[in-house]
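Colleague: Take a look at this one; I'll ask things after.
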Amino acid sequence: MSTETRTETSATLLSEVLDVLGPVGLLVLVAALLVFVGVVLPTIWSRHAYRRTAARSTMNTLLKAVRRLYPF
């Protein structure tokens with residue numbers, strides 16, 4: 001697969017995702033990915049205990065806020 005074909009495929013995929021989600025949905029998706037990368041992954045993979053503890057505390061705070069907004 002050539003570089004040009006990959007670029008076209010990526011652009012097509014991004015365009016389809018934007019059409020399906022809309023701009024607000026895309027922003028929510030990006031925010032969720034940033035929270036996952038910034039909070040959840042350090043909770044699991046950090047070598048330092050203080051980083052894991054801080055990330056776990058932040059994750060618990062975020063989950064409590066979500067539960068208050070959407071009680072199941």
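The values are calculated or read from the model by the stated rules, or taken from the named source; none is laboratory data. In this text, all values refer to a predicted model and were calculated from it rather than measured experimentally. A quick note on method: Cβ atoms are made from the backbone with ideal geometry, for glycine too, and the neighbour counts reach across all protein chains shown. Calculation scope for accessible area: heavy atoms of the full protein, side chains included, ligands and nucleic acids excluded. Shrake-Rupley method; radii C 1.70, N 1.55, O 1.52, S 1.80 Å.
Colleague: Within segment 33-48, which residues are in a helix (DSSP H, G or I) and open to solvent by 60 Å² or more (accessible area, probe 1.4 Å)?
Modeller: Leu33, Leu34, Val35, Phe36, Val37, Ile44, Trp45
Colleague: In this structure, is Val20 over 24 Å from Leu62 (Cβ atoms), at pLDDT 85 or above and open to solvent by 100 Å² or more (accessible area, probe 1.4 Å)?
Modeller: When the stated conditions are applied, Val20 passes them.
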